[in-house]
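The values are calculated or read from the model by the stated rules, or taken from the named source; none is laboratory data. As the structure is a computational prediction, the values presented were derived from the model and not from experiment. Heads up, the Cβs are rebuilt from the backbone with ideal geometry, glycines too, and the neighbour counts pull from every protein chain shown. Accessible surface is based on the protein model in full, side chains and every heavy atom, while ligands, DNA and RNA are left aside. Shrake-Rupley method; radii C 1.70, N 1.55, O 1.52, S 1.80 Å.
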Amino acid sequence: MTAELVRGQNHPLSQSRLEIRISAGTPVAAAAALSDENGRIHGTEWVAHPGAPVQPGLEVSRQAAAVHRLAVDLDAMTEAVHRVSVLLALPAANGGAGPARFGAVAAPFVAVTGLDGTEVASYTITGLDLESAVVALELYRRQGAWKVRAVGQGYAGGLAELLADQGLSEAAQLAAGIDEAVARGLARSVQAPPPRTSEGDRSRQAAAPAVGPDQGAAPQGAPGPVPPAYGGQPAGGQGQGGPQPAYGGATGPHASAGGGPVNYSHPRRQTSAPPPPPPAAPPAQPGEPTRPVAGDATGWSMEERLYNQVWGMFEDLARTAAAYRSAVDFAESRMDKELEQALSDPRSRIGGQGDAAREAARARYTQLVDQARASLDRDVAQLVAESEVVEPALPPAFARWDNPCWHAYRVPMEIPMALRLGDLRLPEAESIRIPMLLRLPLERGLWIDSGRTDSLDGSFTDSHDMRRLAMDTAVAHAARLLAVYPAGEFTVHVVDPAGSGAQALAPLTQTGVLAGPPAQGAAGVTEVLARLTQRVDLVQMALRGGAPDALPPGFDTSQQLLIVNDFPHGFDDRAVNQLRYLVDEGPSVGVHLMMVADREESVGYGPLLDPLWRALLRLTPVPDDHLADPWVGHAWTYEPPAVPHGSEVLRTVLTQVAEARRTWNR
């Protein structure tokens, strides 16, 4: 029977190998600290955290996540260890986008379970407010036996204050190291799917904007301080969850929040027609699963339905893969326990009795794994069938370059709600690819990694090929951005100091879709960066002064993208600082960055480069399993959006974009 603990309550532990499961509702960093009988941590090596996730008897998650599973083996603890404290902290290196205190998020839930999943004790950490770090619970040794105690002690000063309170002299340095490790994890994390209101039923899910792990509660693509003239979507528009209430800010019978006339309309009265019901699935044959249909998720448009359906597929694949991995882990732990019991009796080590026990343990392991695999295969087959009907129905912004919709391409009149950056897959389900969709307008820039790497298929890609592939990938991303925005709403600049990307840039330069020729040399780098930096300053001043219409005549109000190739060639310290300024301040006023660079070659910049690299979403030009989700901790393999070999689709689309831009500028 599960013991539901309250603060200060304890409960005995009958098992030595345990799993601590954490559900926080928002990405948190999890750590575990070992301490002596006086509760003091003797050194940084006594703390398991995302930067050093494995310690004797402990293993924690390597990244910030909303769901964690910590492995604990109490028998592996040394005699000096009398206490294991489970620590939770809100990421401090997320650019300020996430929640800064536990009082702003749902109460974290912590459960101690056996390896078979049986829950031993649980604790909901309530009463937190300004705290950003908390000691959730502790496992402690008392008279040779282990117990668990609910603690719930929070610290407004974050991890540094928490660790210092436990006697660690290097508390500030370790807290900074944990923040650095979490930031690296956030830099490679994928965007969160929209929340779902009904378990296992995507047709009734809320059509809410997706929230990325590095964005906290701020919906990506939601309107910010930028007026619609700079690319922001108006509140209540497409992709923002439908129409907003007619009022809600009035503070009295004759006052309104905006200072204008009072709107007396009823807040629950619909002022526009509700969204039409999603298309119904065709009837299934008896004994067969329901046949999938494109657009069966809730939304105010087919585009929003498809967006939510794609993220529903992502979540379904993540869940079924997590269930399979958990079942395999349980089968392995059960077999190990049975083998250990069989070998613990000296009489069973020889003769047929021991062999029979070992064979029985392996047979039960195989049976459990086969059952889990059958369940996984069934779920994956359903997802493959769904993908086969969803993929052809996707609009150009969501579609692969080989989708026939590009042959009927026309320059759009409205900004789409999201953009496809490639595909995601898991090793347990090689037959299914999930589109990786990123909300628009962009809130993070992109880092296309041109560094040397080994591809997942075992072939080696040298540095020259990687640079070429990285630039081809960057051009494909830029072309898609140009194609999905209305004419005149998106402008691309290129900095190519040494001219090494001329061949890859040919589709952009030859069709005339760039704002100007690629800037070359140190002088070209300086000129482009100065112009974009000045643009950011002007728009910020106009917005802060409450006069967004007071910009200079002819000012370009479109979204701006700067592609930087061959970094750091042609860049000095001033130029690097300008890049950092554009990364930090640019997205809020419609200026975005796409870096094509090898981080190892740029390591000489040290602290100047690291914040820039962490602030961008890292993508690769070859399949790489570097992306992680913050829910179940899967390492997803990212596949870039390849243009079919020999296809002219890129030039055809960009030619239409260039012609539309010329018509718009007349």
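Among (1) in contact with a helix residue (DSSP H, G or I) (Cβ under 8 Å, 6 or more places away or on another chain); (2) closer than 30 Å to Val389 by Cβ; (3) of a type in the set (Gly, Ala, Ser), which single condition is Ala342 missing?
For Ala342, the failing item is (2).
Looking at Ala111, Ala181, Ala121, can you tell me which residue is in a strand (DSSP E or B), within 21 Å of Pro53 (Cβ to Cβ) and touching a residue at least 24 places away in the same chain (Cβ under 8 Å)? It would help to see each step written out before you state the result.
Details: Ala181 fails: in a strand (DSSP E or B); Ala121 fails: within 21 Å of Pro53 (Cβ to Cβ).
So the residue among Ala111, Ala181, Ala121 that is in a strand (DSSP E or B), within 21 Å of Pro53 (Cβ to Cβ) and touching a residue at least 24 places away in the same chain (Cβ under 8 Å) is Ala111.
For the stretch 30-46, which positions are modelled with pLDDT of 90 or more and open to solvent by less than 20 Å² (accessible area, probe 1.4 Å)?
Ala30, Ala31, Ala32, Ala33, Leu34, Ser35, Ile41
Return the residues of the stretch 54-75 that are under 11 Å from Leu18 (Cα atoms) and of a type outside the set (Asp, Glu); say none if nothing qualifies.
Gly57, Leu58, Arg69, Leu70, Ala71, Val72, Leu74
Go through (1) touching a helix residue (DSSP H, G or I) at 6+ places or on another chain (Cβ under 6 Å); (2) free of Cβ contacts under 8 Å to residues at least 40 places away in the same chain one by one and return the number of the condition Thr509 breaks.
Every listed condition holds for Thr509 apart from (1).
Could you check the stretch 628-651 and list, in sequence order, the residues that are under 29 Å from Ala321 (Cα atoms) and either open to solvent by 20 Å² or more (accessible area, probe 1.4 Å) or modelled with pLDDT of 85 or more (or both)?
Here is the first cut: in the stretch 628-651, the residues under 29 Å from Ala321 (Cα atoms) are 628-642.
Within the stretch 628-651, Trp631, Val632, Gly633, His634, Ala635, Trp636, Thr637, Tyr638, Glu639, Pro640, Pro641, Ala642 meet the criteria.
Among the listed residues Ala356, Ala323, which satisfies the condition of being under 24 Å from the mean Cα position of the chain (by Cα), under 24 Å from Leu368 (Cα atoms) and open to solvent by 50 Å² or more (accessible area, probe 1.4 Å)? Walk me through it before giving the result.
Working: Ala356 fails: under 24 Å from the mean Cα position of the chain (by Cα).
Just a single option satisfies the conditions, and that option is Ala323.
Under the condition of being under 26 Å from the mean Cα position of the chain (by Cα) and open to solvent by 40 Å² or more (accessible area, probe 1.4 Å), which residue from the stretch 378-388 is nearest to Ser333 (Cα to Cα)? Break it down stepwise before answering.
Of the stretch 378-388, the ones under 26 Å from the mean Cα position of the chain (by Cα) are 379-388.
Then keep just the ones that are open to solvent by 40 Å² or more (accessible area, probe 1.4 Å); that gives 379, 381-382, 388.
Values: Asp379: 25, Ala381: 28, Gln382: 30, Glu388: 38 Å.
So, considering only residues that are under 26 Å from the mean Cα position of the chain (by Cα) and open to solvent by 40 Å² or more (accessible area, probe 1.4 Å), the one nearest to Ser333 (Cα to Cα) is Asp379.
Mind listing whichever residues of the stretch 378-388 are of a type outside the set (Ser, Thr, Tyr) and within 18 Å of Leu424 (Cα to Cα)? Let's see the steps before the verdict.
First, pick out the residues of the stretch 378-388 that are of a type outside the set (Ser, Thr, Tyr): 378-386, 388.
Of everything in the stretch 378-388, those that are of a type outside the set (Ser, Thr, Tyr) and within 18 Å of Leu424 (Cα to Cα) turn out to be Asp379, Val380, Ala381, Gln382, Leu383, Val384, Ala385, Glu386, Glu388.
Within the stretch 47-67, track down each residue that is free of Cβ contacts under 8 Å to residues at least 24 places away in the same chain and open to solvent by 40 Å² or more (accessible area, probe 1.4 Å).
Correct list: Val54, Pro56, Glu59.
Taking the stretch 159-170 only, how many residues are at pLDDT below 90 and within 26 Å of Ala615 (Cβ to Cβ)?
So the count comes out to 0.
Can we say Arg142 is open to solvent by 50 Å² or more (accessible area, probe 1.4 Å) and within 25 Å of Pro56 (Cα to Cα)?
On the way: open to solvent by 50 Å² or more (accessible area, probe 1.4 Å): yes; within 25 Å of Pro56 (Cα to Cα): yes.
In short, yes.
What are the residues in the stretch 117-154 that are touching a Ser or Thr at 6+ places or on another chain (Cβ under 7 Å) and under 19 Å from Asn38 (Cβ atoms), if any?
Scanning the stretch 117-154 gives Val135, Glu138.
Can you name every residue in the stretch 396-408 that is surrounded by fewer than 17 Cβ atoms within 10 Å (Cβ to Cβ) and assigned to a loop (DSSP other than H, G, I, E, B)? Lay out the reasoning, then the answer.
Residues of the stretch 396-408 surrounded by fewer than 17 Cβ atoms within 10 Å (Cβ to Cβ): 402, 404-405, 407-408.
Scanning the stretch 396-408 gives a single hit, Asp402.
Do the conditions hold for Val591, that is, is it crowded, with 17+ Cβ neighbours inside 10 Å and closer than 30 Å to Gly177 by Cβ? Reasoning before the result, please.
Numbers: crowded, with 17+ Cβ neighbours inside 10 Å: yes; closer than 30 Å to Gly177 by Cβ: no.
No: the conditions fail for Val591.
Any residue that is touching a Pro at 6+ places or on another chain (Cβ under 8 Å) and either surrounded by fewer than 21 Cβ atoms within 10 Å (Cβ to Cβ) or in a helix (DSSP H, G or I) (or both) - is there at least one of those in the stretch 2-20?
No: zero hits.
Being out of contact with any Phe, Trp or Tyr (no Cβ under 6 Å at 6 or more places or on another chain) and either aromatic (Phe, Trp, Tyr) or in a loop (DSSP other than H, G, I, E, B) (or both) narrows it down to one residue among Gly312, Gly295; which is it?
Working: Gly312 fails: either aromatic (Phe, Trp, Tyr) or in a loop (DSSP other than H, G, I, E, B) (or both).
Gly295 is the lone residue from the list that is out of contact with any Phe, Trp or Tyr (no Cβ under 6 Å at 6 or more places or on another chain) and either aromatic (Phe, Trp, Tyr) or in a loop (DSSP other than H, G, I, E, B) (or both).
Consider Ala515 against the criteria (1) assigned to a loop (DSSP other than H, G, I, E, B); (2) of a type outside the set (Asp, Glu); (3) in contact with a Lys or Arg (Cβ under 8 Å, 6 or more places away or on another chain): it satisfies all of them except one. Which criterion is unmet?
Ala515 satisfies all of (1) assigned to a loop (DSSP other than H, G, I, E, B); (2) of a type outside the set (Asp, Glu); (3) in contact with a Lys or Arg (Cβ under 8 Å, 6 or more places away or on another chain) except (3).
Suppose we filter Ile434, Ile415 for residues that are in a strand (DSSP E or B), crowded, with 17+ Cβ neighbours inside 10 Å and in contact (Cβ under 8 Å) with a residue 40 or more places away in the chain; which single one remains? Please lay out each step first, then the result.
On the way: Ile415 fails: in a strand (DSSP E or B).
Among Ile434, Ile415, only Ile434 is in a strand (DSSP E or B), crowded, with 17+ Cβ neighbours inside 10 Å and in contact (Cβ under 8 Å) with a residue 40 or more places away in the chain.
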